1. Could you run the Karplus curve 6.51 cos²θ - 1.76 cosθ + 1.60 with θ = phi - 60° over region 237-246 and give me ³J(HN,Hα) per residue in whole Hz, x for Gly and Pro?
2. Please give, to one decimal in nm, the separation of the simple spin-label points placed at residue 825 and residue 476, each 7 Å out from Cα toward the Cβ.
3. Sum -39500 (n - 2.57) across every DSSP H segment of at least 4 residues in the chain, then divide by the residue count to get the 222 nm mean residue ellipticity, nearest 500.
4. Work out, step by step, the length gained on full extension between residue 680 and residue 529: first 0.36 nm times the residue separation, then minus their alpha carbon distance; give nm to one decimal.
5. Just to check I understand the Karplus step: with θ = phi - 60° and J = 6.51 cos²θ - 1.76 cosθ + 1.60, what whole-Hz values come out for region 850-857, glycine and proline as x?
6. Just to confirm a number: summing +1 for Lys and Arg and -1 for Asp and Glu over residues other than residue 390 whose beta-carbon lies under 11 angstrom from that of residue 390, what do you get?
7. Contact order normalised by length for region 120-252, with contacts defined as Cα pairs under 8 Å and 6 or more residues apart; what percent is it?
8. Going by amide H atoms built from the backbone, whose H comes under 5 Å of the H on residue 747, apart from near neighbours?
Amino acid sequence: MMQQYHALKAQSADCLLFYRMGDFFELFFDDAKAAAACLDIALTARGEHGGNAVPMCGVPVHAAEGYLARLIRAGHRVAIAEQVESPAEARKRGGSKALVERAIVRVITAGTLTEEALLDARTANWLVAVAEAGGMAGVAAADISTGRFEIATVPLASLDAELARLGPAEIVVPETLEAAPAGAIPFSPRAFDSLAAETRLKALFGVATLDGYGRFERAGLAAAGGLLAYLDRAGQGALPLMQPPVARATADHMLIDAATRESLELTCATGGGRKGSLLDAVDRTVTGAGARMLAADIAAPLMDRAAIEARLDLVQRFERDPGLREGLRSALRAAPDIGRALGRLAAGRGGPRDLGQLRDGLGEARTLHKRLASLDDRPPLLDETAARLAGHGALIDLLARALVPVPPVDAAQGGYIAEGYDPALDTLRATGGEGRRAIAGLEAQYRAATGIAGLKIRHNGVLGYHVEVQARHADALMAADSGFTHRQTLAGVVRFNAADLHEQALRVGQAGAHALTAEAAHLEELTALALAAPAAIAATADALARLDVAAGLAERAAEGGWARPGFTGHPCFEIAGGRHPVVESAVAASGGRFVANDCALSEESRLWLVTGPNMGGKSTFLRQNALIAVLAQAGSYVPATSATLGLVDRLFSRVGASDNLARGRSTFMVEMVETAAILAQATPRSFVILDEVGRGTSTYDGLAIAWAVVEAVHDMNRSRCLFATHYHELTRLAERLDGLTLHHVRAREWKGDLVLLHELARGPADRSYGLAVAKLAGLPPPVVARAKAVLAKLEKGRAATGGLADGLDDLPLFAAAAAATPPPDPLRALLAEIDVDALSPRDALDRLYALKRAAEE
Ligand code: ADP
Ligand code: MG
């Protein structure tokens with residue numbers, strides 16, 4: 001057995017091998033150790049190998065999905081080795097000791113999932129392959145859970161942005177690729193061949209040329225080759241659902257690099273996860289497919305004004321008509337996810353329930369089509385979308401006749417083909433039914449004949465139908481002429497067979513088996529029919545998603561009093577009453593009121609320098625405007641009373657001195673690398689927000705860098721730019737740069753306390769409020785008092801000599817002033833460190849022990 005195991009393991013060295021043994025998948029050696037640790041299951045041992053016990057662990061086959069989900073989420077890949085013959089077949093082939101033949105039937109990786117339990121319904125699941133050719137990067141992306149397939153060829157410098165847009169579950173690259181993205185899986189370079197890939201794609205989609213799908217370049221095709229080869233391996237040769245490829249070009253959407261996406265928290269918040277992101281704040285979709293489409297829209301705002309206006313027209317139609325919107329949304333809520341059902345069927349992992357979902361989802365689409373087509377005042381996108389909802393009448397009617405109303409997930413037990421669909425099947429079922437009734441009749445007959453009232457006819461998997469009596473009644477049935485034959489004696493009961501029972505059981509069994517076979521044949525045929533035109537079904541799925549997105553955005557707009565943005569040909573950015581959707585709801589949740597602010601950038605006043613106290617709302621103001629640009633070009637209403645802008649080709653957001661140790665460079669270095677990227681890439685049509693750039697280094701350096709960056713963005717890039725800074729000195733730039741204007745967030749000191757108004761006003765801030773903010777933040781009074789003394793000295797020294805640190809020598813020592821401060825409480829510190837939501841039960845226990853220890857010390 002171990003020999004067979006090692007042979008299979010050699011085929012899947014980079015995966016955990018799930019080795020099927022009866023009702024379990026077993027793992028051995030290092031696989032067992034890794035899985036046991038990840039799944040928190042017992043690690044045992046089996047036999048020995050090379051003198052040592054072999055580590056082993058296992059999961060029951062019927063519960064494997066849950067365990068697989070956890071392993072995949074933890075970043076593992078899993079190869080499934082199934083038994084490909086029955087033990088009986090093995091014995092026939094090689095005698096009683098013969099080993100059951102096993103083979104890897106599937107490799108499960110994060111990017112090749114179709115199972116409902118392993119996927120997030122509201123998130124696309126991209127498998128991405130990257131290749132390089134002719135100085136360009138090729139990116140091929142497939143979401144096999146729905147068949148979506150995209151190919152792009154982008155400049156090498158835009159590769160990160162393209163990957164960040166997709167947010168891949170898994171990335172595959174040729175082993176030879178230099179500077180591969182983090183976490184990418186190296187794969188055979190031979191697979192990334194653009195010519196072979198083109199040939200294969202043409203064959204796959206039955207076309208003589210790919211031109212009908214768009215323009216594909218070498219790098220993109222090479223990536224597609226790698227993608228298909230990786231999918232071949234995952235499915236062991238069987239390709240999953242692939243729609244024809246969509247050619248994407250970088251110029252089609254607003255370019256947003258990875259750092260900007262992260263900093264603006266477009267689809268994912270800083271702490272990870274959706275909560276707190278822009279997407280979360282606008283998402284009112286009611287279907288998984290709608291949520292996935294909205295995420296894609298926000299990740300790739302459009303550059304085509306007509307396409308944006310078309311989306312906005314659709315949103316507006318629903319925004320103006322709450323009755324229509326509500327009706328549509330409740331219809332969509334009831335519609336199953338036909339895109340994913342189709343994906344499972346095509347991957348050969350579908351079942352009766354998936355066909356039922358197609359029937360119900362397509363049926364819902366047909367009903368909606370009728371309702372929408374009869375509306376008056378239909379914008380073009382509504383007509384276009386509604387048209388894609390119809391056209392599946394024959395399939396819907398067939399499935400409606402063929403399937404029971406609620407088909408089971410699993411085909412194994414049968415019972416999913418409706419009565420009346422197949423007369424032969426109905427006959428088989430009737431025969432089975434008669435047999436079962438006859439058996440019920442036999443029970444009464446046997447009771448009367450034997451006089452044993454407690455006699456029962458039972459059924460189990462081993463004996464089939466049998467007669468069961470209490471042990472004390474068994475003797476009568478044991479008699480040779482009783483008509484019963486003994487089968488089994490258990491504690492308390494004895495079981496028997498009888499000739500007429502056997503005959504009826506055979507009848508039931510045969511009818512049942514034939515019925516199952518007949519149902520399976522129907523399932524296969526219906527699946528093939530459903531898969532005959534996958535593109536048309538996918539188009540309907542997309543149309544439903546588009547309606548959900550538009551109705552959801554209309555709902556959000558109505559809820560928040562948002563405005564439809566307007567677009568102009570010149571690079572302006574005029575927002576009245578702008579708000580930050582995420583901060584606004586956070587402020588509202590804590591009982592506060594968000595203060596709306598205007599923004600007016602134009603060619604004459606293209607750079608706003610925003611100063612003012614810490615916590616005054618500078619960062620919020622910068623971001624809300626960037627988010628408004630994203631929403632507007634994604635085709636959404638925006639959180640403002642009015643908004644007019646010229647299309648933004650590239651969006652940049654940089655925050656100075658943010659802790660970004662995870663990326664392994666010093667924070668200041670990161671800040672400078674990212675700032676350099678902006679200066680190299682931003683155009684007069686771009687929108688740049690720079691937040692406290694230069695804060696990561698010493699005062700003079702930082703000021704000098706910030707100064708030079710403002711000048712460069714103003715003079716060279718000439719982009720629309722919002723620049724927040726605590727360097728008050730920068731306000732002097734207003735005298736020299738004619739496109740720069742000064743703004744500040746207002747604050748007032750009231751009875752010695754600082755009041756932040758979060759209100760933007762013209763001109764520079766009148767002074768720095770650092771100490772007042774420190775007090776507001778709860779810095780102990782002695783420290784604030786001490787800082788005041790230091791500041792007074794500094795300012796006096798600077799006035800006298802011009803030197804920043806002059807005059808510090810004659811200050812009394814800090815220790816004397818600090819003596820009044822109570823010592824910190826270690827228990828509180830330990831408690832504050834705990835992130836309760838992120839604790840595993842085991843961590844929680846460890847933390848409790850640590851707290852006890854600390855308390856005793
Ligand atoms: P800064 O960048 O000036 O330090 P932030 O933009 O980070 O300030 O804002 C600090 C906090 O102030 C936010 O977390 C929010 O609670 C509040 N805030 C910011 N802007 C507003 C606003 N316009 N209206 C109400 N509260 C706001
Ligand atoms: Mg800030």
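No value in this document is a laboratory result; all are computed from the given coordinates. Computed from a predicted structure; not experimentally measured. In this analysis, Cβ positions are derived from the backbone assuming ideal geometry, glycine residues included, and neighbour counts consider all displayed protein chains.
1. Each residue's phi maps through the Karplus curve to give x, 8, 6, x, 5, 9, 6, x, x, 9 Hz.
2. Taking the simple label geometry, residue 825 and residue 476 are separated by 8.0 nm.
3. Working: 29 runs with 381 residues, N = 857.
Taking each H run of at least 4 residues, the total per residue is -14000 deg cm²/dmol.
4. Numbers: separation 151, 0.36 × 151 = 54.36 nm, distance 5.37 nm.
Here the segment from residue 680 to residue 529 would lengthen by 49.0 nm.
5. 4, 5, 4, 4, 4, 5, 5, 5
6. Values: positive: 366, 370, 388; negative: none.
Neighbour charge sum, excluding residue 390 itself: +3.
7. On the way: 265 pairs, mean separation 44.7, N = 133.
Contact order relative to length: 34 percent.
8. Those qualifying (amide H under 5 Å, at least 5 residues apart or on another chain) are 757.
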